[in-house]
Amino acid sequence: MTMRDQLQAMIDAGRDTPLARFTLGELLHREGDHDAAIAHLAQAVAQDGQYSAAWKLYGRALLDAGRLDEADDILARGIAVARDNGDNQAAREMEVFARRVAKQRG
């Protein structure tokens with residue numbers, strides 16, 4: 001059983017945590033399955049709104065999927081969360097992604 005399958009089985013069995021959703025979203029994003037990654041990352045931030053890394057990857061997945069309006073919104077929210085948490089590195093990385101969104105819009 002792959003890590004992806006193990007994480008999905010864990011979630012399906014009721015052990016649904018922000019970390020499980022983030023990790024599964026990360027694996028799916030790496031595999032290029034942006035829509036599935038986005039769904040899991042949305043759940044991660046819904047379960048833990050202070051999870052800076054999840055906000056960052058959620059925004060990145062939306063950007064990579066070409067969903068620029070959503071990416072812009074999620075990245076702005078994620079930057080605010082990261083700053084509130086003192087997670088300056090994550091905030092800076094999300095600012096880079098936000099600039100990419102603006103650049104792609106023209």
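One decimal place: the segment A46-L68 gains 5.9 nm when fully extended, by the rule 0.36 nm per residue minus the C-alpha distance.
When you filter the trypsin sites (Lys or Arg not before Pro) in region 1-31 for DSSP loop state and at most 14 other Cβ atoms inside 10 Å of their Cβ, you are left with R15. Each stretch of four or more DSSP H residues adds -39500 (n - 2.57); spread over every residue of the chain, this sum gives -26000 deg cm²/dmol at 222 nm.
Highest GNM mean-square fluctuation among V96, V81, V45, for the chain modelled with Cα contacts below 10 Å: V96.
Sparsely packed loop sites in region 57-106 (the GluC sites (Glu not before Pro) outside DSSP H, G, I, E and B with at most 10 other Cβ atoms within 10 Å) do not occur. Straightening the chain between D5 and R99 buys 30.4 nm, computed as 0.36 nm per residue apart minus the Cα-Cα spacing. Couplings 3J(HN,Hα) of region 68-77, computed from phi: 5, 4, 5, 4, 4, 5, 5, 5, 4, 5 Hz, in residue order, whole Hz [Karplus 6.51 cos²θ - 1.76 cosθ + 1.60, θ = phi - 60°; x for Gly and Pro].
Quick note: the coordinates plus some simple rules give every number you see, no bench work behind them. Note that this is a predicted model, so its numbers are computed, not measured. So basically every Cβ, Gly included, is an ideal-geometry build from the backbone, and we count neighbours across all protein chains shown.
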